[in-house]
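A.B. asks: This is the structure, below, for whatever I ask next.
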Amino acid sequence: MTTIRPARITKVLPNSIAAEIGFEVGDAIVSINGTPPRDLIDYRFLCADEILELEVLDASGRTHHIEIEKDYDEDLGLEFETALFDNLIQCNNRCPFCFIDQQPPGKRSSLYLKDDDYRLSFLYGSYLTLTNLTEREWQRIEAMRLSPLYVSVHATEPEVRIRLLKNPRAGQILQQLQWFQQRRLQIHAQVVVCPGINDGQHLEQTLRDLASFHTGELPTVASVAVVPVGLTKFRPQADELTPVTREKAQEVIKQVRSLQQQFRQKFDYTFAWLADEWFLIAQEELPCEAEYEDYPQIDNGVGSIRLFIKQFMQVADEFLPPKIPGQKRFTWVVGNAVEQAFQPILERLNSVEGLQVNMQALKSDYWGQNISVTGLLTGHDLLLNLQGQDLGDGILLPTVMLKHGELVFLDDINVNELARQLETNIYPVAGIEELIETCIK
(Lines give C-alpha, C1' and ligand atoms only; values in the text may rest on other atoms or scores of the structure.)
Protein backbone atom coordinates (compact mmCIF):
# COMPACT_ATOMS: atom_id res chain seq x y z
CA MET A 1 0.00 0.00 0.00
CA THR A 2 1.47 3.35 -1.06
CA THR A 3 1.18 6.12 1.51
CA ILE A 4 1.37 9.67 0.18
CA ARG A 5 2.60 12.11 2.81
CA PRO A 6 1.98 15.86 2.61
CA ALA A 7 4.86 17.58 0.78
CA ARG A 8 6.73 19.41 3.55
CA ILE A 9 8.26 22.75 2.57
CA THR A 10 11.88 23.46 3.53
CA LYS A 11 12.41 26.71 1.61
CA VAL A 12 10.28 29.58 0.29
CA LEU A 13 12.15 31.50 -2.41
CA PRO A 14 12.22 35.30 -1.93
CA ASN A 15 9.96 37.38 -4.21
CA SER A 16 8.11 34.26 -5.36
CA ILE A 17 4.36 33.65 -5.56
CA ALA A 18 4.61 31.46 -2.45
CA ALA A 19 6.41 34.24 -0.54
CA GLU A 20 3.73 36.77 -1.49
CA ILE A 21 0.96 34.44 -0.33
CA GLY A 22 2.76 33.84 2.97
CA PHE A 23 3.92 30.24 2.79
CA GLU A 24 6.37 29.34 5.56
CA VAL A 25 8.95 26.63 6.13
CA GLY A 26 7.18 23.72 7.82
CA ASP A 27 3.95 24.10 5.86
CA ALA A 28 2.98 21.08 3.77
CA ILE A 29 0.97 20.69 0.57
CA VAL A 30 -1.73 18.02 0.87
CA SER A 31 -3.28 18.33 -2.59
CA ILE A 32 -3.26 20.42 -5.77
CA ASN A 33 -6.59 20.75 -7.59
CA GLY A 34 -7.83 17.79 -5.56
CA THR A 35 -4.88 15.50 -6.34
CA PRO A 36 -2.27 14.59 -3.70
CA PRO A 37 1.14 14.82 -5.43
CA ARG A 38 3.14 11.57 -5.20
CA ASP A 39 6.44 13.28 -5.86
CA LEU A 40 8.16 16.34 -7.31
CA ILE A 41 7.18 15.26 -10.82
CA ASP A 42 3.47 15.35 -9.92
CA TYR A 43 3.96 18.66 -8.10
CA ARG A 44 5.54 20.31 -11.15
CA PHE A 45 2.94 18.86 -13.52
CA LEU A 46 -0.03 19.86 -11.35
CA CYS A 47 1.38 23.35 -10.66
CA ALA A 48 1.72 24.13 -14.38
CA ASP A 49 -1.98 25.11 -14.53
CA GLU A 50 -3.04 28.76 -14.41
CA ILE A 51 -5.56 28.29 -11.60
CA LEU A 52 -4.60 26.20 -8.58
CA GLU A 53 -6.59 25.16 -5.54
CA LEU A 54 -4.20 24.03 -2.82
CA GLU A 55 -4.95 22.22 0.40
CA VAL A 56 -2.19 23.16 2.82
CA LEU A 57 -1.35 21.93 6.31
CA ASP A 58 0.51 24.53 8.38
CA ALA A 59 3.16 23.75 11.00
CA SER A 60 0.57 23.82 13.80
CA GLY A 61 -1.61 21.23 12.03
CA ARG A 62 -4.36 23.53 10.74
CA THR A 63 -5.72 23.02 7.22
CA HIS A 64 -5.98 25.93 4.76
CA HIS A 65 -7.54 26.10 1.27
CA ILE A 66 -5.76 28.54 -1.03
CA GLU A 67 -6.65 29.58 -4.56
CA ILE A 68 -3.87 30.89 -6.83
CA GLU A 69 -4.15 32.47 -10.27
CA LYS A 70 -0.86 32.70 -12.17
CA ASP A 71 0.76 32.41 -15.60
CA TYR A 72 0.91 28.93 -17.14
CA ASP A 73 4.11 27.09 -16.07
CA GLU A 74 5.05 29.87 -13.59
CA ASP A 75 6.83 28.35 -10.59
CA LEU A 76 5.45 28.88 -7.08
CA GLY A 77 8.93 29.15 -5.54
CA LEU A 78 8.84 26.25 -3.08
CA GLU A 79 11.42 23.60 -2.18
CA PHE A 80 10.72 20.38 -0.29
CA GLU A 81 12.53 18.10 2.15
CA THR A 82 12.39 15.22 -0.33
CA ALA A 83 11.55 14.65 -3.98
CA LEU A 84 9.33 11.68 -3.09
CA PHE A 85 6.13 12.18 -1.06
CA ASP A 86 5.29 8.48 -1.07
CA ASN A 87 7.53 5.44 -0.66
CA LEU A 88 10.95 5.00 -2.26
CA ILE A 89 10.91 2.22 -4.87
CA GLN A 90 13.58 -0.13 -3.54
CA CYS A 91 15.78 -2.49 -5.48
CA ASN A 92 14.94 -6.20 -5.64
CA ASN A 93 18.22 -7.19 -7.30
CA ARG A 94 21.20 -8.74 -5.52
CA CYS A 95 24.07 -7.41 -7.63
CA PRO A 96 27.31 -8.57 -6.01
CA PHE A 97 29.01 -5.26 -6.89
CA CYS A 98 26.30 -3.09 -5.28
CA PHE A 99 28.01 -0.41 -3.17
CA ILE A 100 25.22 -0.55 -0.57
CA ASP A 101 26.20 -4.16 0.23
CA GLN A 102 29.88 -3.18 0.37
CA GLN A 103 29.49 -0.93 3.41
CA PRO A 104 30.37 -1.86 7.00
CA PRO A 105 27.53 -2.99 9.28
CA GLY A 106 26.16 -0.87 12.12
CA LYS A 107 25.69 2.47 10.35
CA ARG A 108 22.47 4.51 10.01
CA SER A 109 19.64 2.50 8.43
CA SER A 110 19.23 5.05 5.62
CA LEU A 111 22.68 4.09 4.31
CA TYR A 112 21.42 0.60 3.48
CA LEU A 113 18.38 1.67 1.43
CA LYS A 114 18.74 0.49 -2.17
CA ASP A 115 16.77 2.75 -4.46
CA ASP A 116 15.75 1.65 -7.93
CA ASP A 117 13.35 4.53 -8.46
CA TYR A 118 12.66 5.83 -11.98
CA ARG A 119 11.58 9.20 -10.54
CA LEU A 120 15.01 9.86 -9.03
CA SER A 121 16.49 8.76 -12.34
CA PHE A 122 14.40 11.31 -14.25
CA LEU A 123 14.92 14.12 -11.73
CA TYR A 124 18.57 13.63 -10.76
CA GLY A 125 20.16 11.19 -13.21
CA SER A 126 20.55 8.29 -10.77
CA TYR A 127 20.71 4.86 -12.37
CA LEU A 128 18.00 2.21 -12.20
CA THR A 129 17.73 -1.33 -13.59
CA LEU A 130 14.06 -1.38 -14.78
CA THR A 131 13.50 -4.74 -13.01
CA ASN A 132 11.30 -3.24 -10.27
CA LEU A 133 8.72 -1.36 -12.34
CA THR A 134 5.05 -2.30 -12.11
CA GLU A 135 2.72 -1.92 -15.09
CA ARG A 136 1.35 1.25 -13.48
CA GLU A 137 4.85 2.80 -13.40
CA TRP A 138 5.54 1.88 -17.04
CA GLN A 139 2.25 3.57 -17.95
CA ARG A 140 3.22 6.68 -16.02
CA ILE A 141 6.63 6.90 -17.73
CA GLU A 142 4.83 6.79 -21.07
CA ALA A 143 1.99 9.17 -20.17
CA MET A 144 4.25 11.82 -18.60
CA ARG A 145 7.07 11.39 -21.15
CA LEU A 146 9.66 10.85 -18.41
CA SER A 147 12.75 10.97 -20.60
CA PRO A 148 15.67 10.55 -20.53
CA LEU A 149 16.05 7.90 -17.84
CA TYR A 150 19.43 6.50 -16.75
CA VAL A 151 19.65 2.72 -16.91
CA SER A 152 22.20 0.27 -15.50
CA VAL A 153 22.41 -2.23 -18.34
CA HIS A 154 25.71 -4.04 -17.57
CA ALA A 155 24.94 -6.75 -20.15
CA THR A 156 22.37 -7.31 -22.89
CA GLU A 157 22.71 -11.11 -23.08
CA PRO A 158 19.87 -12.35 -20.82
CA GLU A 159 21.85 -15.06 -19.04
CA VAL A 160 24.77 -12.69 -18.29
CA ARG A 161 22.53 -9.90 -16.96
CA ILE A 162 20.55 -12.37 -14.83
CA ARG A 163 23.85 -13.65 -13.40
CA LEU A 164 24.92 -10.09 -12.55
CA LEU A 165 21.63 -8.84 -11.08
CA LYS A 166 20.59 -12.18 -9.54
CA ASN A 167 17.08 -11.52 -10.82
CA PRO A 168 15.25 -13.50 -13.57
CA ARG A 169 13.48 -10.30 -14.71
CA ALA A 170 16.88 -8.84 -15.63
CA GLY A 171 16.88 -10.85 -18.86
CA GLN A 172 14.18 -8.61 -20.38
CA ILE A 173 16.48 -5.65 -21.08
CA LEU A 174 16.36 -5.80 -24.91
CA GLN A 175 12.55 -5.96 -24.91
CA GLN A 176 12.50 -3.00 -22.51
CA LEU A 177 14.76 -1.00 -24.81
CA GLN A 178 12.35 -1.79 -27.65
CA TRP A 179 9.53 -0.43 -25.45
CA PHE A 180 11.41 2.88 -25.10
CA GLN A 181 12.12 2.90 -28.83
CA GLN A 182 8.46 2.41 -29.80
CA ARG A 183 7.47 5.36 -27.60
CA ARG A 184 10.33 7.65 -28.69
CA LEU A 185 11.70 7.86 -25.15
CA GLN A 186 15.42 8.02 -24.39
CA ILE A 187 17.85 6.46 -21.96
CA HIS A 188 21.49 6.92 -21.08
CA ALA A 189 23.11 3.58 -20.22
CA GLN A 190 25.95 2.42 -18.02
CA VAL A 191 27.91 -0.82 -18.06
CA VAL A 192 29.83 -1.74 -14.90
CA VAL A 193 32.51 -4.17 -16.10
CA CYS A 194 33.12 -7.14 -13.81
CA PRO A 195 36.19 -9.09 -15.03
CA GLY A 196 35.37 -12.66 -15.96
CA ILE A 197 31.60 -12.05 -16.12
CA ASN A 198 30.60 -9.30 -18.58
CA ASP A 199 33.94 -8.31 -20.11
CA GLY A 200 35.60 -9.47 -23.34
CA GLN A 201 33.16 -10.71 -25.96
CA HIS A 202 30.21 -10.00 -23.63
CA LEU A 203 31.21 -6.33 -23.37
CA GLU A 204 31.49 -6.09 -27.16
CA GLN A 205 28.06 -7.72 -27.59
CA THR A 206 26.52 -5.33 -25.07
CA LEU A 207 27.94 -2.21 -26.71
CA ARG A 208 26.95 -3.38 -30.21
CA ASP A 209 23.42 -4.21 -29.00
CA LEU A 210 23.08 -0.79 -27.38
CA ALA A 211 24.45 0.90 -30.50
CA SER A 212 21.66 -0.76 -32.52
CA PHE A 213 19.27 1.50 -30.56
CA HIS A 214 21.27 4.64 -31.43
CA THR A 215 19.36 5.43 -34.62
CA GLY A 216 17.01 8.07 -35.97
CA GLU A 217 16.52 11.71 -35.02
CA LEU A 218 15.92 10.77 -31.37
CA PRO A 219 18.16 7.78 -30.57
CA THR A 220 16.66 5.49 -27.91
CA VAL A 221 20.07 4.89 -26.31
CA ALA A 222 21.68 8.32 -26.31
CA SER A 223 25.03 7.32 -24.77
CA VAL A 224 26.82 4.61 -22.79
CA ALA A 225 29.39 4.85 -20.01
CA VAL A 226 31.74 1.91 -19.41
CA VAL A 227 32.78 1.87 -15.76
CA PRO A 228 35.16 -0.44 -13.82
CA VAL A 229 33.68 -2.36 -10.89
CA GLY A 230 34.65 -0.85 -7.52
CA LEU A 231 35.21 -3.26 -4.64
CA THR A 232 35.64 -2.61 -0.92
CA LYS A 233 36.93 -4.80 1.90
CA PHE A 234 33.36 -5.07 3.24
CA ARG A 235 32.02 -6.82 0.15
CA PRO A 236 30.18 -10.12 0.65
CA GLN A 237 32.22 -13.30 0.72
CA ALA A 238 32.11 -15.55 -2.37
CA ASP A 239 30.76 -12.72 -4.54
CA GLU A 240 32.61 -14.13 -7.60
CA LEU A 241 34.05 -10.69 -8.34
CA THR A 242 37.63 -9.90 -9.34
CA PRO A 243 39.22 -6.46 -8.93
CA VAL A 244 40.21 -4.59 -12.08
CA THR A 245 43.99 -4.86 -12.55
CA ARG A 246 46.20 -2.53 -14.54
CA GLU A 247 46.40 -5.16 -17.30
CA LYS A 248 42.61 -5.58 -17.41
CA ALA A 249 42.15 -1.80 -17.58
CA GLN A 250 44.57 -1.58 -20.50
CA GLU A 251 42.72 -4.41 -22.25
CA VAL A 252 39.30 -2.73 -21.83
CA ILE A 253 40.64 0.64 -23.00
CA LYS A 254 42.02 -0.96 -26.17
CA GLN A 255 38.79 -2.89 -26.80
CA VAL A 256 36.43 0.06 -26.29
CA ARG A 257 38.62 2.48 -28.25
CA SER A 258 38.44 0.15 -31.23
CA LEU A 259 34.63 0.15 -30.99
CA GLN A 260 34.56 3.92 -30.52
CA GLN A 261 36.31 4.31 -33.85
CA GLN A 262 33.57 2.28 -35.54
CA PHE A 263 30.82 4.22 -33.78
CA ARG A 264 32.31 7.56 -34.87
CA GLN A 265 32.39 6.40 -38.47
CA LYS A 266 28.79 5.17 -38.29
CA PHE A 267 27.15 7.87 -36.13
CA ASP A 268 29.63 10.76 -36.31
CA TYR A 269 29.46 10.46 -32.52
CA THR A 270 31.54 8.48 -30.03
CA PHE A 271 28.40 6.99 -28.36
CA ALA A 272 30.28 4.82 -25.78
CA TRP A 273 32.74 6.37 -23.34
CA LEU A 274 35.25 5.04 -20.86
CA ALA A 275 35.12 6.40 -17.32
CA ASP A 276 38.25 8.28 -16.24
CA GLU A 277 39.01 5.52 -13.72
CA TRP A 278 40.07 3.12 -16.48
CA PHE A 279 42.96 5.41 -17.43
CA LEU A 280 43.93 6.03 -13.80
CA ILE A 281 44.02 2.27 -13.08
CA ALA A 282 45.89 1.59 -16.34
CA GLN A 283 48.31 4.45 -15.56
CA GLU A 284 47.67 5.87 -19.00
CA GLU A 285 47.18 9.44 -20.18
CA LEU A 286 43.59 10.66 -20.06
CA PRO A 287 41.93 11.32 -23.43
CA CYS A 288 42.18 14.88 -24.71
CA GLU A 289 39.29 17.21 -23.97
CA ALA A 290 37.86 17.08 -27.52
CA GLU A 291 37.23 13.32 -27.23
CA TYR A 292 34.52 13.90 -24.63
CA GLU A 293 32.40 15.89 -27.10
CA ASP A 294 29.32 17.20 -25.21
CA TYR A 295 30.14 15.34 -21.95
CA PRO A 296 26.93 13.23 -21.97
CA GLN A 297 28.22 10.97 -19.17
CA ILE A 298 29.97 13.53 -16.97
CA ASP A 299 28.12 12.33 -13.82
CA ASN A 300 29.53 8.85 -14.43
CA GLY A 301 33.07 10.17 -14.22
CA VAL A 302 33.53 10.37 -17.99
CA GLY A 303 35.68 13.43 -18.64
CA SER A 304 35.16 14.95 -15.19
CA ILE A 305 38.90 15.31 -14.56
CA ARG A 306 39.61 17.02 -17.91
CA LEU A 307 36.61 19.32 -17.45
CA PHE A 308 37.63 20.21 -13.88
CA ILE A 309 41.18 21.09 -15.00
CA LYS A 310 39.87 23.18 -17.92
CA GLN A 311 37.40 25.07 -15.73
CA PHE A 312 40.02 25.58 -13.01
CA MET A 313 42.45 27.17 -15.46
CA GLN A 314 39.73 29.48 -16.79
CA VAL A 315 38.75 30.63 -13.30
CA ALA A 316 42.39 30.88 -12.21
CA ASP A 317 43.25 33.13 -15.14
CA GLU A 318 40.48 35.49 -14.06
CA PHE A 319 40.72 35.45 -10.27
CA LEU A 320 44.08 34.08 -9.15
CA PRO A 321 46.43 37.01 -8.41
CA PRO A 322 50.19 36.89 -9.05
CA LYS A 323 50.79 37.58 -5.35
CA ILE A 324 48.91 37.52 -2.03
CA PRO A 325 49.72 39.58 1.07
CA GLY A 326 51.65 37.63 3.69
CA GLN A 327 52.21 33.87 3.57
CA LYS A 328 49.62 31.09 3.42
CA ARG A 329 50.16 27.36 3.44
CA PHE A 330 47.44 24.73 2.98
CA THR A 331 47.12 20.95 2.71
CA TRP A 332 44.83 19.92 -0.15
CA VAL A 333 43.40 16.41 0.35
CA VAL A 334 42.42 14.39 -2.73
CA GLY A 335 42.09 10.74 -3.69
CA ASN A 336 45.30 9.23 -5.04
CA ALA A 337 43.47 8.44 -8.31
CA VAL A 338 43.85 12.08 -9.39
CA GLU A 339 47.33 12.76 -8.00
CA GLN A 340 49.09 12.94 -11.37
CA ALA A 341 46.18 14.48 -13.27
CA PHE A 342 45.91 17.37 -10.80
CA GLN A 343 49.58 18.35 -10.95
CA PRO A 344 48.89 21.27 -13.37
CA ILE A 345 46.36 22.67 -10.86
CA LEU A 346 48.84 22.33 -8.02
CA GLU A 347 51.55 24.09 -10.05
CA ARG A 348 49.16 26.91 -10.97
CA LEU A 349 48.20 27.49 -7.32
CA ASN A 350 51.83 27.45 -6.22
CA SER A 351 52.76 29.99 -8.89
CA VAL A 352 51.10 32.63 -6.68
CA GLU A 353 53.74 34.37 -4.61
CA GLY A 354 53.05 33.88 -0.90
CA LEU A 355 50.84 30.79 -1.42
CA GLN A 356 51.95 27.23 -0.83
CA VAL A 357 49.56 24.32 -1.37
CA ASN A 358 50.74 20.81 -0.54
CA MET A 359 48.73 17.96 -2.01
CA GLN A 360 48.01 14.91 0.13
CA ALA A 361 46.82 12.20 -2.28
CA LEU A 362 45.39 9.38 -0.17
CA LYS A 363 44.14 5.86 -0.72
CA SER A 364 41.20 4.69 1.38
CA ASP A 365 42.13 2.40 4.24
CA TYR A 366 38.49 2.57 5.38
CA TRP A 367 37.16 0.96 2.19
CA GLY A 368 40.32 -1.05 1.52
CA GLN A 369 41.03 0.45 -1.90
CA ASN A 370 44.57 0.99 -3.19
CA ILE A 371 43.32 3.51 -5.73
CA SER A 372 40.65 5.82 -4.39
CA VAL A 373 38.53 8.59 -5.86
CA THR A 374 38.29 11.74 -3.76
CA GLY A 375 34.59 11.26 -2.99
CA LEU A 376 35.22 7.98 -1.13
CA LEU A 377 37.80 9.28 1.34
CA THR A 378 36.53 9.25 4.92
CA GLY A 379 37.32 10.92 8.22
CA HIS A 380 39.12 7.72 9.24
CA ASP A 381 41.42 8.02 6.19
CA LEU A 382 42.30 11.63 6.93
CA LEU A 383 42.95 10.91 10.61
CA LEU A 384 45.11 7.89 9.76
CA ASN A 385 47.26 9.75 7.22
CA LEU A 386 47.41 13.31 8.55
CA GLN A 387 47.63 13.02 12.34
CA GLY A 388 50.83 14.53 13.69
CA GLN A 389 51.73 16.24 10.39
CA ASP A 390 52.35 19.93 9.82
CA LEU A 391 49.23 20.87 7.89
CA GLY A 392 50.00 24.57 7.58
CA ASP A 393 47.07 26.95 7.94
CA GLY A 394 44.55 24.19 7.44
CA ILE A 395 43.09 21.52 5.18
CA LEU A 396 41.34 22.24 1.88
CA LEU A 397 38.59 19.61 1.92
CA PRO A 398 36.57 18.87 -1.27
CA THR A 399 32.92 18.63 -0.19
CA VAL A 400 32.42 15.55 -2.44
CA MET A 401 33.78 13.63 0.57
CA LEU A 402 30.82 14.76 2.70
CA LYS A 403 27.20 13.67 2.86
CA HIS A 404 24.99 16.07 0.91
CA GLY A 405 24.24 19.17 2.95
CA GLU A 406 26.10 17.93 6.04
CA LEU A 407 29.58 18.35 7.53
CA VAL A 408 29.82 14.59 7.97
CA PHE A 409 31.99 12.01 6.14
CA LEU A 410 30.65 8.69 4.81
CA ASP A 411 31.94 6.98 7.96
CA ASP A 412 29.86 9.36 10.14
CA ILE A 413 32.88 11.30 11.44
CA ASN A 414 32.06 15.00 11.83
CA VAL A 415 34.32 17.60 10.18
CA ASN A 416 34.53 19.68 13.37
CA GLU A 417 35.51 16.64 15.42
CA LEU A 418 38.19 15.75 12.86
CA ALA A 419 39.54 19.33 12.96
CA ARG A 420 39.80 19.06 16.74
CA GLN A 421 41.68 15.76 16.58
CA LEU A 422 44.05 17.00 13.87
CA GLU A 423 44.44 20.32 15.69
CA THR A 424 43.95 22.34 12.52
CA ASN A 425 41.34 24.28 10.57
CA ILE A 426 39.35 22.45 7.91
CA TYR A 427 37.94 24.44 5.00
CA PRO A 428 35.24 22.57 3.03
CA VAL A 429 35.44 23.74 -0.59
CA ALA A 430 32.54 23.10 -2.96
CA GLY A 431 34.08 23.68 -6.34
CA ILE A 432 36.72 25.74 -8.08
CA GLU A 433 35.68 29.23 -7.01
CA GLU A 434 35.64 28.25 -3.32
CA LEU A 435 39.00 26.47 -3.66
CA ILE A 436 40.65 29.59 -5.11
CA GLU A 437 38.85 32.00 -2.79
CA THR A 438 39.90 30.04 0.31
CA CYS A 439 43.51 30.08 -0.87
CA ILE A 440 43.76 33.82 -1.50
CA LYS A 441 41.40 35.43 1.06
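A.B. asks: If a residue counts only when it is under 21 Å from Gly405 (Cβ atoms), which strands (runs of 3 or more DSSP E) contained entirely in the stretch 1-93 have at least 2 such residues?
C.D. replies: Fully inside the stretch 1-93 and qualifying: 7-12, 78-80.
A.B. asks: Search the stretch 46-81 for residues being in contact (Cβ under 8 Å) with a residue 40 or more places away in the chain and open to solvent by less than 50 Å² (accessible area, probe 1.4 Å), and hand back the single one that is nearest to Pro36 (Cα to Cα).
C.D. replies: Result: Leu57.
A.B. asks: Here are some conditions: (1) in a loop (DSSP other than H, G, I, E, B); (2) open to solvent by less than 70 Å² (accessible area, probe 1.4 Å); (3) over 29 Å from Leu286 (Cα atoms). Trp179 meets all but one. Which one does it not meet?
C.D. replies: That leaves (1) as the condition not met.
A.B. asks: Restricting the stretch 133-156 to residues that are in a helix (DSSP H, G or I) and within 21 Å of Pro219 (Cβ to Cβ), which is nearest to the chain's Cα centre (by Cα)?
C.D. replies: Here the residue is Ile141.
Here's the yes/no breakdown for (1) in the same structural domain as Lys248 (by the TED database); (2) closer than 23 Å to Gln297 by Cβ; (3) under 23 Å from the mean Cα position of the chain (by Cα):
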position: Pro158; (1), (2), (3): yes, no, no
position: Arg163; (1), (2), (3): yes, no, no
position: Lys166; (1), (2), (3): yes, no, no
position: Arg169; (1), (2), (3): yes, no, no
position: Cys194; (1), (2), (3): yes, yes, yes
position: Asp209; (1), (2), (3): yes, yes, no
position: Glu217; (1), (2), (3): yes, yes, no
position: Ser223; (1), (2), (3): yes, yes, yes
position: Val229; (1), (2), (3): yes, yes, yes
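A.B. asks: What number of residues within the stretch 296-314 satisfy the criterion of being open to solvent by 20 Å² or more (accessible area, probe 1.4 Å), assigned to a helix (DSSP H, G or I) and of a type outside the set (Gly, Ala, Ser)?
C.D. replies: Qualifying residue count for the region: 11.
A.B. asks: Out of all the residues in the stretch 315-329, which are over 28 Å from the mean Cα position of the chain (by Cα) and crowded, with 16+ Cβ neighbours inside 10 Å?
C.D. replies: Leu320, Lys328
A.B. asks: With respect to Leu120, determine if the residue is assigned to a helix (DSSP H, G or I), open to solvent by 40 Å² or more (accessible area, probe 1.4 Å) and not small (Gly, Ala, Ser).
C.D. replies: Values: assigned to a helix (DSSP H, G or I): yes; open to solvent by 40 Å² or more (accessible area, probe 1.4 Å): no; not small (Gly, Ala, Ser): yes.
Answer is no for this residue.
A.B. asks: Can Ser126 be described as surrounded by fewer than 19 Cβ atoms within 10 Å (Cβ to Cβ), among the hydroxyl-bearing types (Ser, Thr, Tyr), in contact with a helix residue (DSSP H, G or I) (Cβ under 9 Å, 6 or more places away or on another chain) and assigned by the TED database to the domain that holds Thr245?
C.D. replies: On the way: surrounded by fewer than 19 Cβ atoms within 10 Å (Cβ to Cβ): yes; among the hydroxyl-bearing types (Ser, Thr, Tyr): yes; in contact with a helix residue (DSSP H, G or I) (Cβ under 9 Å, 6 or more places away or on another chain): yes; assigned by the TED database to the domain that holds Thr245: yes.
Considered against the rule, which asks whether it is surrounded by fewer than 19 Cβ atoms within 10 Å (Cβ to Cβ), among the hydroxyl-bearing types (Ser, Thr, Tyr), in contact with a helix residue (DSSP H, G or I) (Cβ under 9 Å, 6 or more places away or on another chain) and assigned by the TED database to the domain that holds Thr245, Ser126 comes out as yes.
A.B. asks: Filter the stretch 334-352 down to the residues that are more than 23 Å from the chain's Cα centre (by Cα) and surrounded by 19 or more Cβ atoms within 10 Å (Cβ to Cβ), then identify the one that is nearest to Leu402 (Cα to Cα).
C.D. replies: Looking at the filtered set, the residue picked out is Ile345.
A.B. asks: Looking at the stretch 202-217, can you tell me whether even one residue there is touching a strand residue (DSSP E or B) at 6+ places or on another chain (Cβ under 7 Å), open to solvent by 10 Å² or more (accessible area, probe 1.4 Å), of a type in the set (Asp, Glu) and at pLDDT 95 or above? Can you show your working first?
C.D. replies: Taking the stretch 202-217 and keeping what is touching a strand residue (DSSP E or B) at 6+ places or on another chain (Cβ under 7 Å), we get 203, 206-207, 210, 213-214.
Those left that are additionally open to solvent by 10 Å² or more (accessible area, probe 1.4 Å): 213-214.
This time we only want the ones that are of a type in the set (Asp, Glu), so: none.
No: the stretch 202-217 contains no residue that is touching a strand residue (DSSP E or B) at 6+ places or on another chain (Cβ under 7 Å), open to solvent by 10 Å² or more (accessible area, probe 1.4 Å), of a type in the set (Asp, Glu) and at pLDDT 95 or above.
A.B. asks: Scan Ile9, Ile17, Ile4 and give me the residue that is in contact (Cβ under 8 Å) with a residue 12 or more places away in the chain, more than 30 Å from Leu128 (Cβ to Cβ) and β-branched (Val, Ile, Thr).
C.D. replies: Values: Ile9 fails: more than 30 Å from Leu128 (Cβ to Cβ); Ile4 fails: more than 30 Å from Leu128 (Cβ to Cβ).
From the options Ile9, Ile17, Ile4, the qualifying one is Ile17.
A.B. asks: What number goes with the only condition from (1) among the β-branched types (Val, Ile, Thr); (2) open to solvent by less than 10 Å² (accessible area, probe 1.4 Å); (3) touching a strand residue (DSSP E or B) at 6+ places or on another chain (Cβ under 7 Å) that Ile281 does not pass?
C.D. replies: (2)
A.B. asks: While we're on this one: I'd like to verify a number: residues in the stretch 362-390 that are within 21 Å of Ala275 (Cβ to Cβ) and either at pLDDT 95 or above or open to solvent by less than 10 Å² (accessible area, probe 1.4 Å) (or both), how many?
C.D. replies: Here the count works out to 5.
A.B. asks: Within the bounds of the stretch 319-328, is there any residue that is in a helix (DSSP H, G or I) and modelled with pLDDT of 90 or more?
C.D. replies: Initial filter on the stretch 319-328 (in a helix (DSSP H, G or I)): 319.
Remaining after also requiring modelled with pLDDT of 90 or more: 319.
Yes, there is a match, as at least one residue in the stretch 319-328 is in a helix (DSSP H, G or I) and modelled with pLDDT of 90 or more.
The values are calculated or read from the model by the stated rules, or taken from the named source; none is laboratory data. What you are looking at is a predicted structure, and each value in this text was computed from that prediction instead of being measured. We place every Cβ from the backbone using ideal geometry, glycine too, and count neighbours over all the protein chains shown. The accessibility values were calculated without ligands, DNA or RNA, using every heavy atom of the protein model including side chains. Shrake-Rupley method; radii C 1.70, N 1.55, O 1.52, S 1.80 Å.
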